[in-house]
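Bear in mind that the values in this text are calculations on the coordinates, not laboratory data. The structure presented is a predicted model; accordingly, all values stated were derived computationally and were not measured. Here the Cβ positions follow ideal geometry from the backbone for every residue, glycine too, while neighbour counts run over all protein chains shown.
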Amino acid sequence: MLPFLARRLIVAVLVALAVSMVAFGLMFVAGDPAVVLAGQAGRAQDVEMIRQAYGLDRPLPVQFLGWIGRALTGNFGTSLYFNLPVATIIGERLPVTLMLGSAAFLLAMLVSVPLGIAASLKPGGLLDRAALLLAVLGQAIPSFWLGLILIVVFGVWWGLVPISGTESWQGYILPVIVLSYYAMPALMRLTRAGMIEVLGADYIRTARAKGLARLRILMVHALRNAVLPLVSLAAVQFGMMLSGSIVIESVFAINGLGRLAWESLLRSDLPVVQAIILILSLIYVTLTTAADLVNAWLDPRLRSA
């Protein structure tokens, strides 16, 4: 297990390093950062002063090492728009996105996995057809459109829940439903396909012949093997919920990390954009690495891969 863990950690570190290089390179996408910061009315003297003040006159490798070193200590610089530490701004927005993404992920798993298991018991049956219809609708309906429909019906017409903001826990209900519905089809279909394949295996027929309880066969023998690809997909979906919640946060006026990233792009607040990309990418790398470790624990054969 230790060699497998070491290999996965080395890969995770290399991916994180590559992501940090991409995030650092964003500063130079629009051209010379000093010229951008000085603006159209900036003089040559102003550009040179900005270049010296921000250390932009140093070689790129030195700038990158300095930036990544400060980032490892939680210092992401100062926002060009708010004139506040980037870490402070992100610290106010990140918990909202984590709460939204975690609740949506939990709801998606609680609905899609049992539904996929139930659909696999009778392929082609009424429940199976209903589950597949739900999956097709989930992939066909845009998330922003579903969010607007829920706002109109449950927020405006019936007045059951708030339509924007997260001042109370009720404000999370609609965005959590919309964000989780986006992930349900893939999770449900993978669970269904995996269970159908496993339930036809020889060892499942042997377990049935021994007279084991049906629930024990499903939950202990079948699900343990069918869940392996589901773990990897769940980690990816969770990462996408955190990094791709910008549409949901915009529709429901939620001051989370996704909305902050969009606003920072519009304002050319590159230090904030860099920090958000780096943080979300590291979360994504951590999730996928954890999924690999969980799969290796569930299936010892993967440890020698």
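Compute the Cα gyration tensor for the range 224-288, then decide on rounded, prolate or oblate, letting a ≥ b ≥ c be the square roots of its eigenvalues: rounded whenever a/c is under 1.5, prolate when a/b is larger than b/c in the other cases, and oblate in all that remain. Note, shape of the range 224-288 comes out oblate. Ranked for footprinting exposure by Cβ neighbours inside 10 Å, fewest first, THR289, THR73, THR191, THR88 give THR73, THR88, THR289, THR191.
Projecting the Cα atoms of ALA234, VAL198, LEU187 onto the charge dipole of the chain, computed from C-beta unit charges around the Cα centre, puts VAL198 farthest toward the positive end. Rounded, prolate or oblate: which fits the range 99-165, taking a ≥ b ≥ c as square roots of the Cα gyration tensor eigenvalues, rounded meaning a/c under 1.5, else prolate when a/b beats b/c? Verdict is prolate for the range 99-165.
Label positions at TRP145 and ARG58, each projected 7 Å from the Cα along the C-beta direction, are separated by 5.1 nm. Counting other Cβ atoms within 10 Å as a rough exposure proxy, the listed residues ASP57, ASP269 run ASP57, ASP269 from fewest neighbours to most. Taking a ≥ b ≥ c as the square roots of the eigenvalues of the Cα gyration tensor, an a/c ratio of 1.5 or more together with a/b no larger than b/c marks the chain as oblate.
The label-point distance for VAL294 and ASN255, in a model that sets each label 7 Å from Cα toward Cβ, rounds to 3.3 nm. Based on DSSP H segments of at least four residues, each scored -39500 (n - 2.57), the chain has a per-residue ellipticity at 222 nm of -23500 deg cm²/dmol. Close amide H pairs (under 5 Å, H built 1.01 Å from N) link THR78 with VAL86, residues at least 5 positions away or on another chain. Loop-located trypsin sites (Lys or Arg not before Pro) in the range 151-212 (DSSP state other than H, G, I, E, B) with a sparse environment of at most 10 neighbouring Cβ atoms within 10 Å: LYS210. Of all complete DSSP H helices in the chain, those with a Cα span along the helix axis of 20 Å or greater and a mean Kyte-Doolittle hydropathy of 0.0 or more are 2-25, 86-121, 126-140, 173-199, 223-243, 270-298.
Computed from the C-beta positions of LEU17 and MET49, the FRET efficiency with R₀ = 51 Å rounds to 0.95. Were the residues from MET99 through ARG70 laid out at 0.36 nm apart, the gain over their Cα-Cα distance would be 7.7 nm. Relative contact order of the chain, taken over Cα pairs closer than 8 Å and 6 or more residues apart, is 25 percent.
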